[in-house]
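A.B. asks: If you scroll down you'll find the structure; I have some questions about it.
The values are calculated or read from the model by the stated rules, or taken from the named source; none is laboratory data. Fair warning: this is a prediction, and the values are worked out from it, not measured in the lab. Glycine also receives a Cβ, built like all others from the backbone with ideal geometry; neighbour counts cover every protein chain displayed.
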Amino acid sequence: MKNGRQFATLAVHAGEGPCKVTGALDTPIYQSTTFVSADSNEMAAVYGEEKPGFMYTRYGNPTIHALEEKLAAIEQGEAALATASGMAAISTAILGYVKTGDHVVAARSLYGAAYNFLNKKLPRMGASATFVQSTRVEDFEKAIRPNTRLIYFESPSNPILEILDIAALARLGQSHGIPTMIDNTFASPALQQPIPLGVTVSVHSATKYLCGHGDAMGGAIIGSKDCIYQLNHEILRDFGGVISPFNAWLLLRGIRTLHLRMPAHCANAQKIAEFLAQHPKVERVNYPGLPHHPGHDIAKKQMKAFGAMISFEVKGGYEGGKKVMDGVQIFARAASLGDARSLIVHSASTSHRAVPREQRLAIGITDGLVRLSVGIEAAEDLIADLDQALHN
Ligand SMILES: *Cc1c(COP(=O)(O)O)cnc(C)c1O
């Protein structure tokens, strides 16, 4: 890692330091839209990027800059760009690589809004995406066309926790001269480092584990200096999806404990997955930490631990899934994920209700599928909560 420092040290310190003017230990929230220059020459130099400095918060802000430095360090990228939300990160990053006439090869199991962006928004600008109906790298290769300009995927994926071989997809991209982009939200940089595995760009919904407390929206793009410079100057500044200084400050604060929270999330999730796997009312459990999961060996190779997202199929179909969601007392019935608090959703009646049933089933989102974002409460209490909800 950077300067030989460990992840924990970078998560706490990278990008930050005492204020050179006041000595304030914590990074101040620079709640200012604009920055003053001493004279016309200085302002011209800052605008011309001949002199470091800030001019206007949509172009850059010291609190946001600190977050970007921390994000780059913890994910081992040269540079990072913070955005207003995960979708601002995803749309900015894709628009940086895809123009009219271009084609994207994408995984089938994707966050809903990312799928919509690729499937519905790219065609508006005369570009298109093919969704590969398997996890096999050969099938990604078969989908490549002469005009393919990007390979886009998630691992683990939402909500059925498919695992893709990150290093193999990165090699595929390199051998065809096509950039690869991963949504690393479910793992977080504490568990998975796609850039050293050869991926071109990593994107995040920082709203989730990076924030960790369910109180701020944000997004992140990590890549080479050139790539981040181009995404900032060509796309983000003009489309305008910048993060607020206050949310950047909340994310700085969240990331400082990421390396402590993730092992606690993962240990709870492993226990819950094992409990669910032997429960008579549960048909199937999707969790890469279970030995029967088809991606278990690849996950073991590319992740430090298996994450804290679980989905499982309840016996009793649609109504069975709804019943479990209605029966819990500690789990909060809420979308989102990566919160310290445990969350539960029944996908078919909520997050995927707009997806036609046939299409939903084809991507593994069955009628009784329940998704858990396992928090950092006591595992025993969470298991007891699910047990009583399953027995209802
Ligand atoms: C939540 C999420 C997003 C979208 O992020 P927002 O911060 O809500 O815009 C993208 N990808 C994944 C995997 C997510 O979980």
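A.B. asks: Being modelled with pLDDT of 95 or more and of a type in the set (A, V, I, L, M), is that true of even one residue in segment 346-363?
C.D. replies: no
A.B. asks: Ok, one more. Go through (1) under 20 Å from the mean Cα position of the chain (by Cα); (2) under 25 Å from Ala167 (Cα atoms); (3) not assigned by TED's automatic domain parsing to the domain that holds Thr83 for Leu231 and report which single condition fails.
C.D. replies: Of everything listed in (1) under 20 Å from the mean Cα position of the chain (by Cα); (2) under 25 Å from Ala167 (Cα atoms); (3) not assigned by TED's automatic domain parsing to the domain that holds Thr83, Leu231 misses just condition (3).
A.B. asks: I'd like the full set of residues that are of a type outside the set (A, V, I, L, M, F, W, C), in contact with a strand residue (DSSP E or B) (Cβ under 9 Å, 6 or more places away or on another chain) and closer than 16 Å to Arg333 by Cα, limited to segment 351-392.
C.D. replies: Residues satisfying the conditions are Ser351, His352, Gly368, Arg371, Ser373, Gly375.
A.B. asks: Same structure, new question: Where in segment 70-175 are the helices (runs of 4 or more DSSP H), entirely inside, with at least 3 residues that are buried (at least 20 other Cβ atoms within 10 Å of the Cβ) and within 15 Å of the ligand (Cβ to nearest atom)?
C.D. replies: Here the list reads 86-97.
A.B. asks: Let me spell it out: the conditions are (1) within 30 Å of Glu49 (Cα to Cα); (2) assigned to a loop (DSSP other than H, G, I, E, B); (3) of a type outside the set (Ser, Thr, Tyr), and Leu210 meets all of them except one. Which number is the exception?
C.D. replies: Only one criterion in (1) within 30 Å of Glu49 (Cα to Cα); (2) assigned to a loop (DSSP other than H, G, I, E, B); (3) of a type outside the set (Ser, Thr, Tyr) is unmet by Leu210, namely (1).
Conditions (1) in contact with a helix residue (DSSP H, G or I) (Cβ under 7 Å, 6 or more places away or on another chain); (2) within 14 Å of the ligand (Cβ to nearest atom); (3) in a loop (DSSP other than H, G, I, E, B), marked per residue:
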site	(1), (2), (3)
Leu197	yes, no, yes
Ile243	yes, yes, yes
Phe246	no, no, no
Leu252	yes, no, no
Met262	no, no, no
Asn268	yes, no, no
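A.B. asks: With the requirement that a residue be within 11 Å of the ligand (Cβ to nearest atom) and either of a type outside the set (Gly, Ala, Ser) or part of a helix (DSSP H, G or I) (or both), what does segment 213-230 give you?
C.D. replies: Met217
A.B. asks: So Arg237 passes all but one of these: (1) more than 10 Å from the ligand (Cβ to nearest atom); (2) over 19 Å from Thr57 (Cα atoms); (3) touching a residue at least 60 places away in the same chain (Cβ under 8 Å). Which condition number does it fail?
C.D. replies: (2)
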